[in-house]
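Visitor: What follows is a single structure, and I will ask about it in a moment.
The values are calculated or read from the model by the stated rules, or taken from the named source; none is laboratory data. Keep in mind it's a predicted model, so treat the numbers as computed, not measured. Here the Cβ positions follow ideal geometry from the backbone for every residue, glycine too, while neighbour counts run over all protein chains shown. Calculation scope for accessible area: heavy atoms of the full protein, side chains included, ligands and nucleic acids excluded. Shrake-Rupley method; radii C 1.70, N 1.55, O 1.52, S 1.80 Å.
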Amino acid sequence: MFKRSLLLLILSTLIIYSSANASRLTQVVKGRVVDQQTKVGLIGANVVIYGTSMGAATDMDGYFRILKVPVGRHSIKVMYMGYKSRIIPEILVGSAKEIVLMIELEEDILEGQEIVVTPKIEKDKPLNAMTTVSARSFSVEETQRYAGGFDDPARLASSFAGVTYGNAQDNAIIIRGNAPKGLLWRLEGIEIPNPNHFPDGNVIGGGVFTTFSNQVLANSDFLTGAFPAEYGNALSGVFDMKLRNGNSDVREWTFQAGAMGIDFSAEGPFAKNSNASYLMNYRYSTIGLLTDLKIIDTDQKLKYQDLSFKLNFPTNNAGTFSLWGIGSIDQANEIEETDSTKWEHDWDRLKYESEFRVGAFGLNHRYILGNSTFINSTIAATAEDINNDLDRLDDNSILRKNEFIDSFNGRTTVTSILNHKFSSCLSNTTGIVWNYLFYDMKLQATIDDDPETFQTFVDENGNSQLLQAFTQAQFNITNDLKLNAGVHAEYFLLNKNYSIEPRVGINWNIHPHHIISFGYGRHSQLENIRYYLAQRETDSRVEIPNKNLNFTHADHFVLGYDFKITKHTRLKMEPYYQYLYDVPVRRNDQFSFINLKDERYFNEPLVNEGTGKNIGIDLTLERFLNNNYYYLITASIFDSKYTGGDGVERNTRYNRNYVFNGLFGKEFNVKTNNVVGINGRFTYMGGERISPVLRDVSLSERRVIYDESRAFAESLNESKYLDITVTYRINHQSVAHIFALQVKNVLGSPNDYGYVYDFKDRDLKRDKMVIVLPSISYKIEF
């Protein structure tokens, strides 16, 4: 009753507070219209607020500015002679911040006949024009609106077809049955380390949530297969993240406080009448702050913080320079339970102190050469520093070393990309990437928690290089038929292995409402550098058995059919087949890197003789936000198999077989300027695979031992999650308040992790945990 009364009091207060502002508020909508291929500003393009007489024409550099646009949802229509018209749908215009848009138009192919162009709503069309299949863009606003998104692009991606994830606590992205480590993270065109807080904590490639704040992100791309030639060192997919530029006209601030963290962001011009701008965001964990203030008294301490920024400097004659960066610091520690009579599970015996530091920093330069060519160059440095000291009480209650990591690795990257548009029918992008890798790492651990086996797995420092080059071309054969083709090449100097990878994609508009597409790509990926440097001690010397491991390869084949049912609704189907080869395996054994999850300490000899295959179909039925509601229904049915060093085909660890998502959202306009949003998401997916348990052996050794001869023969229970998000935006003159309630796993469905040994009952039990993640937040924009 108390909770209900408190909720009613809060809602009543908000309604009373919002009623004081009944006059219609307005805002500025501005931005730039550019050619999709050359990024040159288009002079005289017409930009209008769809369905109104409000609009503006772009100036000589392609910039436009529309004043006094009423707050609320608006679609933007852009038209320019010789280019395909475009509609950007349902932009949320608020009272506190100006709306800044970067709009790219595609040139028409004129064939002599009269052409009637109907503007297209392509809300999910990827930003990268070279993509033809298995790709979509997403907006920052969607990370805030979609239930279960928690303002996090990685959690948003789990709503898309072909994507599963570990559990409600983990941020690992599993694409079409591939291990999370197969995903490439890029920021501003540069490969970056895993950008999750507490990276690789439970799953290699996962974490708690990403370090990206939606305060600084621009619209970005997410690709799930057969990606274009510019993307290298990836097997399963690509997260291609972009940072937006700060407002170059006015200074704006945002403050947000919630269960996930306390944020502060600022943006604006460096000086009056200057086009140079700054944008930054800092976040500190709420739990960490409450622990520091002694409000929360706990033996487990969890802290995290991150910083993101972008400084943009346009010049008149020397191009545009931008300085950007992202970084995070995470800390976690817990003490052991010294009284063995209180032990319930093995983790009660552990004491650990962990610290993670991840960062990326870059300087970008874009220079336009004439009206048809631009060159984009970047120099960047990325690094990952992990320190983990884990001790375990032995059977005599003596604290013994169990794991130790002191690992620093990073890279300096220099890249230069030349884009040239030969005509409206042909364009080319060619680039080179030089990566200087450096590392200093020491990894030590026991085998099966036996303190007598504590040993060194890696103890190396040094450097190497990874060279990459690519070229790709787009052929607009007609207005309805497009061909993208290219090749990517990689060379790893540590062991002198190389990979040459052809890519091709075809997109055919067979009818104004029907599109057929096909994509093929050969892709490859290096393993983490620690596996190449793993050492084994023999009687006479220390060996490094896996230094010469080759790239893991995958061939992706994807068909696509896109049916635009109405202006705002579409159905998309993508059957696919992936063949993986040169996968590291142990000879005469079931082990394969296809199933890698948390195996960090590994020094056994490997060979590139494993294979795998993923086959399935992804379905998407989507209604884009219009008339204040939307829905997204996705279904993926797939089968993921692998063959290890013993030549036996088995299910992979990540072969869940099916996943279904249903999202729905509705917005209500309140008191003229205010908006209430209600969003829900339901997920139903098969269970992750595990190996059967050897019960008698496990009971005798008081730990869980699996029968690896029947690897992944069993499946955990299926997962069912319901997430909700409720938001309330109050718009005032030059200020906006946003209240949000986000709850993940409202129904309290248990997460199934397999088995644990219960010390009290001296028995094996299913390791199930109910994780409900609620978050109440308040944001003010001014």
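Visitor: Would you point out the residue of region 313-339, among those that are within 30 Å of ARG392 (Cα to Cα) and without any contact (Cβ under 8 Å) to a residue 60 or more places away in the chain, that is surrounded by the fewest Cβ atoms within 10 Å (Cβ to Cβ)? Before the answer, list the steps.
Guide: So in region 313-339, the residues within 30 Å of ARG392 (Cα to Cα) come out as 328-339.
Remaining after also requiring without any contact (Cβ under 8 Å) to a residue 60 or more places away in the chain: 329, 331, 333-335, 337-339.
Working: ILE329: 18, GLN331: 18, ASN333: 15, GLU334: 17, ILE335: 12, GLU337: 18, THR338: 12, ASP339: 9.
Here the answer is ASP339.
Visitor: Also, I was wondering about something else. Could you tell me whether any residue of region 559-570 is buried (at least 17 other Cβ atoms within 10 Å of the Cβ), modelled with pLDDT of 95 or more and over 30 Å from TYR630 (Cα atoms)?
Guide: No, the conditions are met nowhere in region 559-570.
Visitor: I'd like the full set of residues that are at positive phi and out of contact with any helix residue (DSSP H, G or I) (no Cβ under 9 Å at 6 or more places or on another chain), limited to region 688-743.
Guide: Applying the first criterion (at positive phi) to region 688-743 yields 702, 712, 734.
Scanning region 688-743 gives a single hit, SER734.
Visitor: Here is a follow-up. Quick check on region 739-775: of everything there that is outside any strand (DSSP E or B) and among the aliphatic types (A, V, I, L, M), which residue is least open to solvent (accessible area, probe 1.4 Å)?
Guide: Applying the first criterion (outside any strand (DSSP E or B)) to region 739-775 yields 745-749, 759-762, 771-772.
Those still in the list that are among the aliphatic types (A, V, I, L, M) too: 746-747, 771-772.
On the way: VAL746: 61, LEU747: 113, ILE771: 18, VAL772: 66 Å².
Looking at the filtered set, the residue picked out is ILE771.
Visitor: Hey, could you check region 536-552 for residues that are open to solvent by less than 20 Å² (accessible area, probe 1.4 Å) and in contact (Cβ under 8 Å) with a residue 60 or more places away in the chain and say which is farthest from GLY616 (Cα to Cα)?
Guide: We begin by selecting, within region 536-552, every residue open to solvent by less than 20 Å² (accessible area, probe 1.4 Å); these are 546, 549, 551-552.
Retained after the next criterion (residues that are in contact (Cβ under 8 Å) with a residue 60 or more places away in the chain): 546, 551-552.
Working: ASN546: 33, PHE551: 25, THR552: 21 Å.
If we take residues in region 536-552 being open to solvent by less than 20 Å² (accessible area, probe 1.4 Å) and in contact (Cβ under 8 Å) with a residue 60 or more places away in the chain, then ASN546 is farthest from GLY616 (Cα to Cα).
Visitor: For residues in region 666-702 being open to solvent by 70 Å² or more (accessible area, probe 1.4 Å) and not aromatic (Phe, Trp, Tyr), which is nearest to ALA635 (Cα to Cα)?
Guide: Here the answer is ILE678.
Visitor: Of these, GLY462, GLY505, which one is open to solvent by less than 50 Å² (accessible area, probe 1.4 Å), over 28 Å from ASP598 (Cα atoms) and not hydrophobic (A, V, I, L, M, F, W, C)? Walk me through how you get there before you give the answer.
Guide: Values: GLY462 fails: over 28 Å from ASP598 (Cα atoms).
When all the criteria are applied, what remains is GLY505.
Visitor: Moving to a separate point now. Filtering region 179-238 down to residues that are aromatic (Phe, Trp, Tyr) and touching a residue at least 60 places away in the same chain (Cβ under 8 Å), which residue is most open to solvent (accessible area, probe 1.4 Å)? Break it down stepwise before answering.
Guide: Step one: list which residues in region 179-238 are aromatic (Phe, Trp, Tyr), which gives 185, 198, 209, 212, 222, 227, 231.
Keeping just the survivors that are touching a residue at least 60 places away in the same chain (Cβ under 8 Å) gives 198, 212, 222, 227, 231.
Numbers: PHE198: 20, PHE212: 3, PHE222: 5, PHE227: 2, TYR231: 1 Å².
Among those residues, the one meeting the criterion is PHE198.
Visitor: Now a separate question. Out of the residues in region 267-286 that are closer than 18 Å to ASP151 by Cα and without any contact (Cβ under 8 Å) to a residue 40 or more places away in the chain, state the one that is least open to solvent (accessible area, probe 1.4 Å).
Guide: Ranking the qualifying residues of region 267-286, first place goes to SER285.
Visitor: Further, regarding this structure: Being within 23 Å of LYS744 (Cα to Cα), buried (at least 20 other Cβ atoms within 10 Å of the Cβ) and in contact (Cβ under 8 Å) with a residue 40 or more places away in the chain narrows it down to one residue among TYR654, TYR630, TYR642; which is it? Working first, answer last.
Guide: Details: TYR630 fails: in contact (Cβ under 8 Å) with a residue 40 or more places away in the chain; TYR642 fails: within 23 Å of LYS744 (Cα to Cα).
Residue meeting the stated conditions: TYR654.
Visitor: Okay, next question. Tell me which residues, restricted to region 389-444, are open to solvent by 30 Å² or more (accessible area, probe 1.4 Å), touching a residue at least 40 places away in the same chain (Cβ under 8 Å) and of a type in the set (Asp, Glu).
Guide: GLU403, the sole residue that qualifies.
Visitor: Being modelled with pLDDT under 95 and of a type outside the set (Asp, Glu) narrows it down to one of ASN428, ASN463, ASN396, so name that one. Before you say what the answer is, go through the steps one by one.
Guide: On the way: ASN428 fails: modelled with pLDDT under 95; ASN463 fails: modelled with pLDDT under 95.
Just a single option satisfies the conditions, and that option is ASN396.
Visitor: Out of all the residues in region 708-727, which are open to solvent by 20 Å² or more (accessible area, probe 1.4 Å), touching a strand residue (DSSP E or B) at 6+ places or on another chain (Cβ under 8 Å) and either part of a strand (DSSP E or B) or at pLDDT below 95 (or both)? Let's see the steps before the verdict.
Guide: Within region 708-727, the subset open to solvent by 20 Å² or more (accessible area, probe 1.4 Å) is 708-710, 713-715, 717-718, 720, 722, 724, 726-727.
Subsequent filtering for residues that are touching a strand residue (DSSP E or B) at 6+ places or on another chain (Cβ under 8 Å) retains 713-715, 717-718, 720, 722, 724, 726-727.
If the condition is that a residue be open to solvent by 20 Å² or more (accessible area, probe 1.4 Å), touching a strand residue (DSSP E or B) at 6+ places or on another chain (Cβ under 8 Å) and either part of a strand (DSSP E or B) or at pLDDT below 95 (or both), then GLU714, SER715, ASN717, GLU718, LYS720, LEU722, ILE724, VAL726, THR727 are the ones that fit.
Visitor: While we're here: For residues in region 292-344 being under 27 Å from the mean Cα position of the chain (by Cα), at pLDDT below 95 and aliphatic (A, V, I, L, M), which is farthest from ASN214 (Cα to Cα)?
Guide: The selected residue is ALA332.
Visitor: Could I ask something else about it? What about ILE730, is it open to solvent by 70 Å² or more (accessible area, probe 1.4 Å), modelled with pLDDT of 95 or more and not aromatic (Phe, Trp, Tyr)? Full working, then the answer.
Guide: Numbers: open to solvent by 70 Å² or more (accessible area, probe 1.4 Å): no; modelled with pLDDT of 95 or more: yes; not aromatic (Phe, Trp, Tyr): yes.
Taking the combined requirement at face value, the residue does not satisfy it.
Visitor: I've got another one for you. Yes or no: region 550-566 includes at least one residue that is of a type outside the set (Ser, Thr, Tyr) and closer than 30 Å to THR453 by Cα. Steps first, please.
Guide: Initial filter on region 550-566 (of a type outside the set (Ser, Thr, Tyr)): 550-551, 553-560, 562-565.
Pick out the ones that are also closer than 30 Å to THR453 by Cα and you get 550.
Within region 550-566, one or more residues are of a type outside the set (Ser, Thr, Tyr) and closer than 30 Å to THR453 by Cα.
Visitor: Let me ask something else about it. With the condition being among the polar types (S, T, N, Q), I'd like the strands (runs of 3 or more DSSP E) fully within region 506-585 carrying at least 2 qualifying residues.
Guide: The strands (runs of 3 or more DSSP E) meeting that bar are 514-525, 569-585.
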